[in-house]
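Asks: One structure coming up, written as structure tokens, with questions to follow.
The values are calculated or read from the model by the stated rules, or taken from the named source; none is laboratory data. Every value quoted in this text rests on a predicted model; they were computed, and no experiment measured them. Here Cβ is always computed from backbone atoms with ideal geometry, including for glycine, and neighbour counts include all displayed protein chains. These accessible areas exclude ligands, DNA and RNA; they are computed on the full protein's heavy atoms, side chains included. Shrake-Rupley method; radii C 1.70, N 1.55, O 1.52, S 1.80 Å.
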Amino acid sequence: MPTGSDSSAPSDGGTSAGGGATLVDRLTAQWRAAGVADVRFAADLDELADLAGAADGPVVVSAADLVAHTAVLRHLVTSPVGPTVALVLTDAPTGGRTVVREERGQVVEAGPAERLDGPATGIFGGALRVGRDDVPTLVAAARAAATGRLAEVASGHADGGAGRSVPPGPAVDQVFAGLAAQGVLVFAHRVRLLVAHRVDDADGLAAAAASVAAVDEDRAELRLSVKERDDFFTTYFVSTWSPHVTKAAARLGWSPTGVTMLSVAFAVAAAALFAGGGRLALVAGGVLLYLGFVLDCVDGQLARYTRNFSAWGGWLDTMADRAKEYLVYAGLGWGATAAGVRYGWALAIAAMTLQTVRHMTDAWYGVLHDEAARRPKSAGTGGGGIGDRLNAASTKVQADTGSVSYWLKRTVVFPIGERWALIALAAALFDQRVALLAVLTWGVLAFGYTGALRTLRARWMWVPVLDTVDATLHRDDGPIAARFPVARRPGPLVLALLAVLPTVLVLLATWRYGEAYPRWTVLLGLVGLLLAAGGAGAAHNGPLDWLVPAALRGGEYLFAITVGVVGGAPAWLIFGYVFVLTLHHYDLVARLEKRQPAPPLHAATLGWEGRSVLLAVAAIAGIVSIGLATLGVYLLVLFVASVVLAWFVRPARPARVPAGAGGSATI
């Protein structure tokens, strides 16, 4: 949090008997040590509302009955999961404290246990960081609680607050329950390895203080830098020793971004060795790939250990992961082709295309699931059935941490650790062709497994998630799609899937007949592809319309590949063009996940249909290689320029505002 921020605790926040000013003084010092420079004590809820209303940034509200490690408070203040985050504990809900129900790390309900839609998962821990955009709602909740109108305010909210009353209790709990009841997206911050308790009396204070003193805070923080739940390979073959690297990197003063770039360098070196071929080079490439993945884990662990988070770092880590993986595919494709494999580059292109479409479905299913968690359960119109049973079974397996079924579920989906391990082993023990075939085979099986189960669960949830965002942006539509006649039937997803079929037929025919196949047939694929533009203006409110972005990505990639094959372009050039497209599309998804706006130069990227039209023209003119190279370089320049504008130029402008003209506060 920025310096110059505030932190306040209402006087009736539950100061423990016998603790008195000692506990308040301790909390004040701890909040300052956690990064909050201006800590204030509010006498009542009206004063709390006044302090929060005067803030120009995020704020923190803390009860006066909280006993915790300073690291717990620092983790709450610096949490990167979202703008508004609440401390959630497993203590018994005594003293009228608010209980909560969480799903996927979100607080979906807060109030008395008997009024929740499902079983309580914890209690409110008495500390809450409120994002800048949610501060007005906090002020309204505090003023309503001060006048006894909190239940009225909560019941008047349309998104789930209707009919819910907020019972009396500690002031901070009332404000938190009112905030949650008004539909604010609140993420849960759980305490693991460290200690945090809310106390009611002197005995409770003494017991909590003893628990805090019994834990080595720094050692616990290092262990906490490792994800609580990770994949099998990462858990047993990386995280068992990577914290030692993390501790050394912290002592050397390395930044998470620096470790990310070092990981990229290892992956590039591995790709070069795979491209060169030879048994020694393949084994060395496998070792470097493994070490690069270790560093890929260390950058996140270092960020959590040092609490060095930033939107730029999160975006860069996401983009670097994909770029590294696809550069390795390129090295494998190059090496396989050099070794005499006819379709070496084709295997690399297929692996990249498959993985990108998979990632798009993963990202949008996550958005869908998060949106479903925020809605009342009655909102789903699937009527239970197999989707309901699958959801319950998945939840049960996820809760059974460490069981065979738990690890099977986490491994079968082919996560990044397992992908890199498979590539390293297959390349070292066999060759590049086997490595690519192994990735494709497991990837197809994983895609089929997750696709089938998610389709059933999505039909049960029935959440029109694309209606909650800018569908035009995330479809990546351009000016042609915006002017295309709207086809409301049979729906945007069906249109997107049907649009791929002509392209597939042209690609298969080209592969069958080779150079004798006429170039003008790409127009058949283009006409079919443009069918998907008819769904641009239609409502994306079907139970499976969250698949539309992935379907459009697959359609555009297949069309570009088809144009390249028909036009006789070098396979490495086709790979390069699709690689640039994936960077553009991953940028959109990363911004969605990090809650960032559209890329500054997005309008200049022409949209999926505009780019496809240009490639079709290049094919008819007989200049496919020139078209792919020119358009690819153009898109790459736009991507780099957007990155510079979004992450360096625009954020630097507010820094030129004179001191005192604005700031943020934490209350």
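Asks: Go through D25, D545 and list them by solvent-accessible area, largest first, probe radius 1.4 Å.
Replies: The ordering from most to least exposed comes out as D25, D545.
Asks: Label segment 13-120 by shape, choosing from rounded, prolate and oblate, from the square roots a ≥ b ≥ c of the eigenvalues of the Cα gyration tensor; if a/c is under 1.5 it is rounded, and otherwise prolate applies when a/b is larger than b/c, oblate when it is not.
Replies: Judged from the Cα gyration tensor, segment 13-120 comes out prolate (a/c at least 1.5, a/b above b/c).
Asks: Which value at 222 nm does the chain reach when only helices count, each DSSP H run of 4 or more adding -39,500 (n - 2.57), with the total divided by all residues and rounded to the nearest 500 deg cm²/dmol?
Replies: Calculated at 222 nm, the ellipticity per residue is -19500 deg cm²/dmol.
Asks: A further question on this structure: Starting from the Cα gyration tensor of segment 271-327, take the square roots of the eigenvalues, sort them a ≥ b ≥ c, and report rounded, prolate or oblate (rounded when a/c is under 1.5, otherwise prolate if a/b is larger than b/c, else oblate).
Replies: Oblate shape, in that a/c is at least 1.5 and b/c is the bigger or equal ratio.
Asks: Inverting the mean 1/r over all pairs of different Cα atoms, compute the Kirkwood radius of segment 406-540 and quote it in Å.
Replies: 18.3
Asks: Using Cα atoms only, what is the angle between the long axis of helix 432-461 and the major principal axis of the chain, expressed in degrees (0 to 90) to the nearest 10?
Replies: 50
Asks: How far is helix 171-181 tilted, in degrees, relative to the longest principal axis of the Cα atoms in the chain, given as a value from 0 to 90 rounded to the nearest 10?
Replies: Roughly 30 degrees between the two axes.
Asks: Once you have the Cα-Cα distance between T90 and A539, take 0.36 nm times their residue separation minus that, and quote the gain in nm to one decimal.
Replies: Result for the pair: 157.4 nm of gain on full extension.
Asks: Moving on to the next point. Please say if segment 537-578 is rounded, prolate or oblate, where rounded means a/c under 1.5 for a ≥ b ≥ c the square roots of the C-alpha gyration tensor eigenvalues, and otherwise the choice is prolate for a/b larger than b/c and oblate otherwise?
Replies: Because a/c hits 1.5 or more and a/b exceeds b/c, segment 537-578 counts as prolate.
Asks: Would you calculate the separation in nanometres between label points at D201 and R512, each defined as 7 Å from the Cα along the Cα-to-beta-carbon direction?
Replies: It is 8.5 nm.
Asks: Now a separate question. Run the dipole for the chain about the Cα centre, Lys and Arg Cβ at +1, Asp and Glu Cβ at -1, nothing else charged, and hand back the magnitude in debye, nearest 20.
Replies: Approximately 1860 debye in magnitude.
Asks: Take peptides 271-281, 592-602, 389-399, 471-481 and line them up by average Cβ neighbours within 10 Å, highest first, as a rough protection proxy.
Replies: 471-481, 271-281, 592-602, 389-399
Asks: Quick one: which of 576-586, 633-643 comes out on top by average Cβ neighbours within 10 Å, and what's the full order, highest first?
Replies: Highest-to-lowest ranking by the protection proxy: 576-586, 633-643.
Asks: Quick check on the chain: of the DSSP beta bridges with both residues there, what percent are antiparallel, nearest 5%?
Replies: Here the share of antiparallel DSSP bridges comes out near 65 percent.
Asks: Which three numbers, in whole Å and largest first, are the semi-axes of the equivalent ellipsoid of segment 318-377 derived from its Cα gyration tensor as √(5λ)?
Replies: Largest first, segment 318-377 gives 36, 11, 5 Å.
Asks: Just the number please: accessible area per residue for the chain, 1.4 Å probe, all protein chains included, in Å².
Replies: In whole numbers, the chain has 41 Å² accessible per residue.
Asks: What do the square roots of 5 times the Cα gyration tensor eigenvalues come to for the chain, in whole Å, largest first, as semi-axes of the equivalent ellipsoid?
Replies: 48, 29, 23
Asks: Something else: Please give the length that would be gained between A113 and A452 if that part of the chain were fully extended, namely 0.36 nm times their separation in residues minus their C-alpha to C-alpha distance (nm, one decimal).
Replies: That pair, A113 and A452, stretches by 118.5 nm at full extension.
Asks: Going by accessible area, probe 1.4 Å, with all protein chains left in place, what is the ranking of E102, E325, largest first?
Replies: Sorted descending by solvent-accessible area, the residues read E102, E325.
Asks: Does anything in segment 171-207 have its amide N under 18 Å from the 7 Å Cα→Cβ label point of D133, and if so which residues?
Replies: Hits in segment 171-207 for D133 at 18 Å: 179-188.
Asks: How far, in degrees from 0 to 90, does helix 20-33 lean away from the longest principal axis of the Cα atoms of the chain, to the nearest 10?
Replies: Helix 20-33 sits roughly 30 degrees off the main axis of the chain.
Asks: Oh, and also: Can you send over the carbon and sulfur percentage of the accessible area for the chain, probe radius 1.4 Å, protein chains only?
Replies: 63
Asks: Sticking with this one: Mind ordering 340-351, 207-218 by average Cβ neighbours within 10 Å, highest first?
Replies: With the highest mean Cβ count within 10 Å placed first, the list reads 340-351, 207-218.
Asks: If the chain between W520 and V434 were fully stretched, how many nm would it gain, using 0.36 nm times the residue separation less the Cα-Cα distance?
Replies: Using 0.36 nm per residue and subtracting the Cα-Cα distance, I get 27.4 nm.
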